[in-house]
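The values are calculated or read from the model by the stated rules, or taken from the named source; none is laboratory data. Please read these numbers as outputs of a predicted model, since none were measured by experiment. Positions of Cβ are generated from backbone atoms using ideal geometry, with glycine treated the same way; all protein chains shown enter the neighbour counts. The area values use the complete protein model at the heavy-atom level, side chains included, leaving out ligands, DNA and RNA. Shrake-Rupley method; radii C 1.70, N 1.55, O 1.52, S 1.80 Å.
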Amino acid sequence: MEEYQPHHEEIGFNADEAHNIVKECIDAILGGVDYNQNNVNQWTAAIVEQSLTHLVKLGKTYKLLVTCAVMQKSGSGLHTASSCFWDTTSDGTCTVRWENQTMNCIVNVFAIAIIL
C-alpha cells in the first residue's frame with residue numbers, strides 16, 4: 001500500500017507574487033501624494049510593515065526581510081545593489097521600483113526558506 005503524499009506547492013520563492021503584493025502596498029501608501037520629508041519615515045515604515053504582513057499571510061515557510069528606500073526626485077542618481085549567498089532553489093528575492101513625479105521608492109524582499 002502506497003503512503004499518501006500531500007500535494008506540495010511549487011518549490012521556491014514566487015517573486016512575481018511578492019512583487020504584486022509589494023506594489024499594491026506602495027500604491028496604497030504613496031499613490032496620490034507628493035514627497036514630504038515630514039511623512040517619509042511614516043511612509044517607509046508603513047510600506048515595509050504592510051508588505052511583510054501580506055507576505056506572511058501567504059502561509060509560506062520563509063524568513064522574510066523587507067527594506068524600503070524613498071528618495072525625493074532631484075535629478076540625482078540612485079544606485080543600489082545586493083548580493084546573497086543562499087540556496088537558489090528555495091530562497092529568493094524581488095525588487096520593486098516605483099516612482100511618481102516627486103519621488104522614487106525601492107523595496108527589496110529577501111525570502112529564506114525555513115526547512116522543517
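A few notes on this one:
- Scanning region 50-81 for residues that are in a loop (DSSP other than H, G, I, E, B), of a type outside the set (S, T, Y) and either open to solvent by less than 50 Å² (accessible area, probe 1.4 Å) or farther than 21 Å from D34 by Cα (or both) gives K57, L58, G59, K60, H79, A81.
- For A113, the stated conditions hold: it is more than 13 Å from the chain's Cα centre (by Cα) and crowded, with 18+ Cβ neighbours inside 10 Å.
- Of all residues in region 20-44, those being within 12 Å of the chain's Cα centre (by Cα) and open to solvent by 60 Å² or more (accessible area, probe 1.4 Å) number 3.
- Residue within region 89-96 that is open to solvent by 40 Å² or more (accessible area, probe 1.4 Å), in contact with a Phe, Trp or Tyr (Cβ under 7 Å, 6 or more places away or on another chain) and at pLDDT 95 or above present: yes
- Selection count where residues are closer than 15 Å to A69 by Cβ, touching a strand residue (DSSP E or B) at 6+ places or on another chain (Cβ under 7 Å) and among the hydrophobic types (A, V, I, L, M, F, W, C), scope region 17-43: 5
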